[in-house]
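The values are calculated or read from the model by the stated rules, or taken from the named source; none is laboratory data. Remember, predicted model here, so these are calculated numbers, not experimental data. With ideal geometry, Cβ positions are generated from the backbone for all residues, glycine too; neighbour counts draw on all protein chains shown. Please note that ligands, DNA and RNA were not included when accessible areas were found on the heavy atoms of the full protein model with its side chains. Shrake-Rupley method; radii C 1.70, N 1.55, O 1.52, S 1.80 Å.
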Amino acid sequence: MSVTIIGPTSTSSEVFNVTFRATITGTYSIVVAVAGSGGSISGSIPLSVIFRPSSTDPASCLVSGSGVSGGVASSSTSFTITARDVFTNLVPGSSDVFSAVLTYNGGTTNLAFSAVGSTSADFTSTYTVPVQAGSVKSYTIAISVMLAGSAVNTPVKTVTCYITPDSNLYIFWETSSTSIIAGTATLFYIQDVETGTWPNEASGAAPDSSILRKDSY
């Protein structure tokens, strides 16, 4: 907890001024005592003070969710902006207007955000992952988020997207034997091809360059 107390300083009228500064939101209880008296000053002590968050700071906001980490073509995904002040306190019920732009293949799309609740600091945007033409397996899109003309946290999020795999993926073993000794590592292939002839497991055909990955177990 970050708290700064300056004073007390005496004025000509015997009034003592004390400056109290807190950077973490919440309720603070202030007790004033005279040094060596062994107790607090009588009267309106202790005093409770509530510190609220300051205005939203774009650089301190948090951008998170699957929509800024990865996606599958044509699928729906989302990401969330959490409004925070310069001390990273949450700013619930913020009236801030965030904007986001998705850039892909030379074109741009403006993304909308859902209304924030009175007790939440989160703004959520849902979008459909654009489809990449051609036979590429993966591609990237970019999402930039702004608040009042200032970049929110990381200026541009680069998102890696993947095409939807074919429904008839082909899986076959490196060995033609169906009897494998326990504890022995063996290799099988997972292949996705849009055109051409599927490899023939029985003939021991080797996979071609269209293989997505190879896993050893």
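Restricting attention to segment 110-161, the residues being of a type in the set (Phe, Trp, Tyr) and touching a Leu at 6+ places or on another chain (Cβ under 9 Å) number 1. Residues in segment 70-79 that are modelled with pLDDT under 90 and either of a type in the set (A, V, I, L, M, F, W, C) or surrounded by 15 or more Cβ atoms within 10 Å (Cβ to Cβ) (or both): Gly71, Val72, Ala73. Answer yes if at least one residue in segment 46-69 is open to solvent by less than 70 Å² (accessible area, probe 1.4 Å), under 30 Å from Ala33 (Cβ atoms) and hydrophobic (A, V, I, L, M, F, W, C), and no otherwise. Within segment 46-69, one or more residues are open to solvent by less than 70 Å² (accessible area, probe 1.4 Å), under 30 Å from Ala33 (Cβ atoms) and hydrophobic (A, V, I, L, M, F, W, C). Beta carbons closer than 9 Å, at least 6 apart along the sequence or on distinct chains, pair a first residue in segment 129-142 that is farther than 14 Å from Ser76 by Cα with a second that is among the hydrophobic types (A, V, I, L, M, F, W, C) and at pLDDT below 80 for Gln132/Ile163; Ser135/Ile163; Val136/Ile163; Lys137/Ile163; Lys137/Leu212; Ser138/Ile163; Tyr139/Ile163.
If you check Ser144, Ser118, Ser150 for being open to solvent by less than 40 Å² (accessible area, probe 1.4 Å) and at pLDDT 70 or above, only one passes: Ser144. Taking the stated definitions as given, is Val91 open to solvent by 60 Å² or more (accessible area, probe 1.4 Å) and under 17 Å from Ser55 (Cβ atoms)? So Val91 fails the test.
Every residue, every condition in (1) assigned to a strand (DSSP E or B); (2) among the β-branched types (Val, Ile, Thr), yes or no:
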residue	(1), (2)
Ala100	yes, no
Phe113	no, no
Phe123	yes, no
Thr126	yes, yes
Tyr139	yes, no
Asn153	yes, no
